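A short write-up of the structure that comes next.
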Amino acid sequence: MSDDPQVGVYPGSFDPVTFGHDDLIRRSLKIVDRIVVGVAEVSTEEKEGMFRVPERVEILREVYGDLSRVEVVSFSGLLVEFARQQDASLIIRGLRAVSDFEYEFQMALMNRSLWPDVEVIFMAPSNEYTFISSTLVREVASLGGDVSDFVPGPALRRLEDRFGPGVRGE
Ligand code: PNS
């Protein structure tokens, strides 16, 4: 084992960051010395987003501003290239349910075939967060539902600006 700090990349769309992502980021700090949260400019599915990438980054930076071991960066292009640039030998992804597995497994093998030295680690979030996804948060918030149990404050504030006080149950 080398003495170099172990860096992990945690990539995703983060549109917006949820307590599920947050749980994984905090857990992964037990495994790596530093984690780089990578906000993809374009995801594999080329999904149209709610927040623009710079705003997603801004939200994440507000959430992790006081954690020196967490860095937030956006990236375009291949994830493995981004990981290499960050000196990260680990890619961390969350698995909420078996339904996530097929897509994640395929991506992990593709990433490893692009860069054989990379390791992909799947982590399980805490039980209470397994049903949360950014997609559902966007849908519920846009329909005026209360999402305050699902996203950190900086994300909730942006959602409130857009959809009104209903998003925090008021
Ligand atoms: O939060 P998401 O949308 O599930 O994250 C998907 C993401 C961003 C990890 C994936 O789309 C990705 O890695 N995009 C970067 C482009 C890339 O490397 N594609 C090949 C993946 S095998």
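The values are calculated or read from the model by the stated rules, or taken from the named source; none is laboratory data. Note that the structure is a prediction, hence the values are computed from the model and not measured. As a convention, Cβ positions derive from the backbone with ideal geometry for all residues, glycine included, and neighbour counts pool all protein chains shown. The protein model used for the area step is the full one, side chains on, heavy atoms only, and it has no ligands, DNA or RNA in it. Shrake-Rupley method; radii C 1.70, N 1.55, O 1.52, S 1.80 Å.
Any idea which residue in the range 63-85 is farthest from the ligand (Cβ to nearest atom), counting only those that are small (Gly, Ala, Ser) and within 21 Å of Gly153 (Cα to Cα)? Please lay out each step first, then the result.
Keep residues of the range 63-85 that are small (Gly, Ala, Ser), which gives 65, 68, 74, 76-77, 83.
Narrowing further to those that are within 21 Å of Gly153 (Cα to Cα): 65, 68, 74.
Values: Gly65: 22, Ser68: 24, Ser74: 11 Å.
That would be Ser68.
So, of the residues in the range 52-78 that are touching a helix residue (DSSP H, G or I) at 6+ places or on another chain (Cβ under 6 Å) and in a helix (DSSP H, G or I), which turns out to be least open to solvent (accessible area, probe 1.4 Å)? The selected residue is Ile59. Of the numbered conditions (1) more than 25 Å from Phe82 (Cβ to Cβ); (2) assigned to a helix (DSSP H, G or I); (3) away from the ligand (no atom under 15 Å from the Cβ), Arg158 satisfies every one except a single condition; which is it? Among (1) more than 25 Å from Phe82 (Cβ to Cβ); (2) assigned to a helix (DSSP H, G or I); (3) away from the ligand (no atom under 15 Å from the Cβ), Arg158 violates only (1).
Yes or no: the range 104-124 includes at least one residue that is over 29 Å from Gln86 (Cα atoms) and surrounded by fewer than 14 Cβ atoms within 10 Å (Cβ to Cβ). No, the conditions are met nowhere in the range 104-124. Every condition in (1) within 11 Å of the ligand (Cβ to nearest atom); (2) at pLDDT 95 or above is met by Ser43 except one, and the failing one is (2).
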